[in-house]
Every structure is written in structure tokens, then in C-alpha cells.
Protein chains: 2
Amino acid sequence: MSVEWQPVRQSRTHELVLRSIEERVFAGELKAGDRLPPERELAPVLGVSRSALREALRVLETIGVLVAQPGRGPDAGARIVRNPDDALGRLLRLHFALGSYSLQDVLEARIILERSSFAAAACHAPSEDLDEAEELVRGMAAPGIGVSAFNDLDTRFHVLIARSSGNALTSTLTSAVRESVRPLILRALEEAEDWPATARALNAEHDTLLMLVCEGRGAEAADLVEQHIHGLHGTLVDGPAGP
Amino acid sequence: MSVEWQPVRQSRTHELVLRSIEERVFAGELKAGDRLPPERELAPVLGVSRSALREALRVLETIGVLVAQPGRGPDAGARIVRNPDDALGRLLRLHFALGSYSLQDVLEARIILERSSFAAAACHAPSEDLDEAEELVRGMAAPGIGVSAFNDLDTRFHVLIARSSGNALTSTLTSAVRESVRPLILRALEEAEDWPATARALNAEHDTLLMLVCEGRGAEAADLVEQHIHGLHGTLVDGPAGP
DNA sequence: GGGACTTGTACGGTCCGACCACACCGTATG
DNA sequence: CATACGGTGTGGTCGGACCGTACAAGTCCC
């Protein structure tokens, strides 16, 4: 029941600035679309140097909460935005490369998330998403397709289904998790002994998956996508991942 | 099929630095525990100013890849670490507050993740974790417990189960998602008309959950935790969230 | 008078040099 | 031998300066 004590690490200026801005966000005083004052104004108001402020802004930028543009006019300056995808992707990729998560952890997470994605997509995917998905599947079935192009389309297919599930959070998570193993999958596909046969097998699964989603058979789609991801499991090799 | 063009936004120095360090991580040249050269050495080597380097380091710090300590000796300087939890939590909290994700999205994600957590925990949770979980459940059952203390213990209970599921990634995600709605849950509990009765009901569910996990009845535990989280759904109100 | 060009200005982006607080390490001192 | 003290290297902070960019207004030429 006792929680270990840990050093407080007090008062690094940029963290105080960060805390301060976060609080304004939590309080609803800063919404998406709002503009922050120019750095040269805000710094003295907060009582810190521009460097400290800039470090805090940089953090918010990498979290996907802020974008900054130089110049003048309505688009210039620092603006609050909502773009968590890049940040989450970078975070997971780095930590996966560092070994914070094992390959098995990532694959399990993929299965959990994508089972739910496909099940939800079968319930209420907009038809234009299904059209786009069909196009992607057709693209993957192109004869003589390269490994890299296949991997791109495959990623986009899975992410598209996640997005069409209607849940922005699980969609983001799915995308980030999928991206974090992307280099591994790419390498595995490159080393496949019979690439055309592998591609045919994967395409058949994609076809069936899309068909199940279109017909609203969510439970079967979930089972199949689990099998689909498990199928990759055996072919993947653990180790240091390229970007 | 056509991807929209988007401005390239080239060559912000700190991003180049970030890219460079990331690549060393992806290549396996930087592992957890390694130390970076001092800022004053690294900056000229990379051909950038210390400010630009520091901004990149700050970013790595906030995504939990780096820690920096002043002073001298074996613990000083910038070291590569693996601590994704704080970063992920902050990211989700901020974006939830900004409205990137709706309350329903978060609750669905919680259900997906925690169903899997409880199911996995039922299979192979270490007994010391179960002991700790029992202690937490007992703590929540204390007569006259306050809303805040209850919420703390409840959070720790759910996170503990996620951790004992053996999957570091889903555990981190569960924790982050749970933390992002924590202020909302706190507010909902504070506004409950009959708090003691609510607490008793929640405690009964926790008791059953723990029992199911201990007995290895994962499927039932998963169903119950879904119901448990759904139960909260009705009581939660959407709106700006405090930290 | 209208369009093209030039200037002014407000941004963020970068860099530099300096100082501070801290923690270790070696030496000097009792 | 133990303690006290200053040296040294680390990140943390700060202020100032310059750069490129992009808008805005003023100016010139047709």
C-alpha cells in the first residue's frame, strides 16, 4: 500500500510554463483554434525568458497541441490545434525501438484494437470509406506489386478501417501501433521466400475481411483479422527496428 | 487514391537534431541506459547551437526517452531511459481536454483495453499483484471513505490489473486512458446523490471482479468490467475537464 | 487610376555568450 | 584518519542579436 518516495525535481522553469499552459487548456480557456500571444510578449508576462517559454512551446508542439508559423497575418504565430496522431506515433515507435515494449506486446495490442475496429466498422462504416477500402485492396492485388508499395497500402487499409469505426481514439491508437511495427513488417515481407504467394494469401484475407465488413458480419471479421495478424506473428523477427 | 500535397516545412534545426537522434535509436546505437555527450560537446559536433539541441532534448525528455540531471558523477548528464507512461498520459489528457476525443470514444477504448486486461490477468496474474489488488479493494471498502481517496484507489486498482496482465503496452495505454477521464469520474462521484450507496455498489463489483480474476474466470471478468465501466457512463457528464 | 514594385514591420527560428545552482571529486586541513 | 573546502563539469536560465518569412501599406511606373 505504501507508495515509494521519489525526488520532487522541482521548478524547472519550462515545466512551470508547461503546467501553466496546460491548466488553461484544462480550464477551457484555451481551445483549438485559439492563438497564443507572440513569444516576445508572453515570455515577460509569465516572468520567464524566451528560451524557457520556447522549450515549453516546443513540447506542446511535439504533443500535437500547438503549431507555430512565422510571418505575419491571420495564420502566423502559435495556434492551438488537435493533431495527436504524429506525436503518438513517434512516441510508440521510439519506445518500441528502445525495447519498452516487446513484439508480442505490440501484436497483442494490435489484435485487441483491430478486432474492435473491424467489428465496429462492420456496424457503421460510411460507404465512401468502404469504397476507398475496396480501392486499396484492389491496389494491393495489382500483379507484380513491390513489397514497399504493398506495405504502404496495407497500412492505409488497416488505418482506414480503424478510422471508419467512428472512434477517434482507438483509431489513433491503432494507427500508432500499426506504424510502430511497420519497419518490422516491411523487413519480414522483404525476406519472404515466395513473395508473390505471400501477397496472394494476404490479398485473399483482405478480400474476405472487406467482404465481411461490407456485409456487417462484425464478429467474423474480428476473428479473421486476429488470425490475419497472428499469421504475421510467425514471420516477424524481433530485433532493432529501422525507422 | 491521391494523397493531398502538404507543405514540407523544411529544416527547422531542432527537428533535424531530433531526427538524427531518433535514427541512432532506431539503428540500435542508442540503448536505454546510454549517456549522451554533454550539451556543450554535442552541439558543435552536430553543427547546431546549444539552444537548438536543447529543444530537441526537451522533446525527447517529454516523450519519456531521456532524463537529464545536472551535477557531476555517474548519474549526471542526459541518459536514455524508457518511461513512456507519463508522456502518454499527458498527451491523452491534453487532447481529451481539447476535445480531440469524445467521452464516448474514451469509454469505448477503456472497455476494449480493460476487457483484455482483466481477461489476461485472470490467466496469468502473479499472486503478489492479486494480494495488492485485494488490499486496494479492501481500502475502497473502508467505511466513510472520501470520494477523492476512493478515486485514487480505484485508479490504482484498474491500473494494477492492467499491469499484471503482462503486456506493458496495453498496460500503459490503459493507465493513460484511465487517467485522462479521472477528473471527470471524480466530478461525477462528487455529484452522486447518495455517495455511500454508490460506493457500496462499486465495491461489490470490485469484489466480484477480483474474485473472478483470482479464479481464472477471464471471460466473465471481461463482461463484468465492461458492465462496470458502462455503469459509469450514465453518471458522467461531458464538458471541460479539470487536470 | 490601376497594377507592380518597394519598404516597413511583426512574427518565429537560430545562435551566441554569460551566469547560476547543483553535485561530485580531490585536496588540504584539523 | 576524518572532516571541511574549493575546483570542476553538468544542466538550467537568461538576455541580446541577427536571420528569413510573410503580410501590409506605401510608392512608383504604365
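Restricting B:R138, B:R115, B:R110 to residues that are surrounded by fewer than 23 Cβ atoms within 10 Å (Cβ to Cβ), among the charged types (D, E, K, R) and touching a helix residue (DSSP H, G or I) at 6+ places or on another chain (Cβ under 6 Å) narrows the list to B:R115. Being in a loop (DSSP other than H, G, I, E, B) and either touching a Leu at 6+ places or on another chain (Cβ under 7 Å) or more than 16 Å from B:S175 (Cβ to Cβ) (or both) is the filter here; which residues of the range B:58-87 pass it? Across the range B:58-87, the qualifying residues are B:I63, B:V65, B:P70, B:G71, B:R72, B:G73, B:P74, B:D75, B:A76, B:V81, B:R82. Does B:L169 count as buried (at least 20 other Cβ atoms within 10 Å of the Cβ) and in the same structural domain as B:I229 (by TED's automatic domain parsing)? So B:L169 passes the test. If only residues of the range A:13-57 that are assigned to a loop (DSSP other than H, G, I, E, B) and within 11 Å of DNA strand C (Cβ to nearest atom) are counted, the one that is surrounded by the most Cβ atoms within 10 Å (Cβ to Cβ) is A:L36.
One line per residue, one yes/no per condition, for (1) without any contact (Cβ under 8 Å) to a residue 12 or more places away in the chain; (2) at the interface with chain A (Cβ under 8 Å from one of its Cβ atoms):
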residue: B:T13; (1), (2): no, no
residue: B:V17; (1), (2): no, no
residue: B:E41; (1), (2): yes, no
residue: B:V59; (1), (2): no, yes
residue: B:Q69; (1), (2): yes, no
residue: B:I80; (1), (2): no, yes
residue: B:R90; (1), (2): no, yes
residue: B:D105; (1), (2): yes, yes
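What do you reckon, is B:G218 within 14 Å of chain A (Cβ to nearest Cβ), touching a Leu at 6+ places or on another chain (Cβ under 8 Å) and touching a residue at least 40 places away in the same chain (Cβ under 8 Å)? Against the criterion (within 14 Å of chain A (Cβ to nearest Cβ), touching a Leu at 6+ places or on another chain (Cβ under 8 Å) and touching a residue at least 40 places away in the same chain (Cβ under 8 Å)), B:G218 qualifies. When the range B:114-152 is filtered for residues that are more than 18 Å from B:C214 (Cβ to Cβ) and in contact with a Leu (Cβ under 6 Å, 6 or more places away or on another chain), the ones remaining, listed by number, are B:V147, B:N151. Among the residues of the range A:61-86, those that are aliphatic (A, V, I, L, M) and within 6 Å of DNA strand C (Cβ to nearest atom) comprise A:A68, A:A76, A:A78.
The values are calculated or read from the model by the stated rules, or taken from the named source; none is laboratory data. In this text, all values refer to a predicted model and were calculated from it rather than measured experimentally. Cβ: placed from backbone, ideal geometry, glycine included. Neighbour counts: every protein chain shown.
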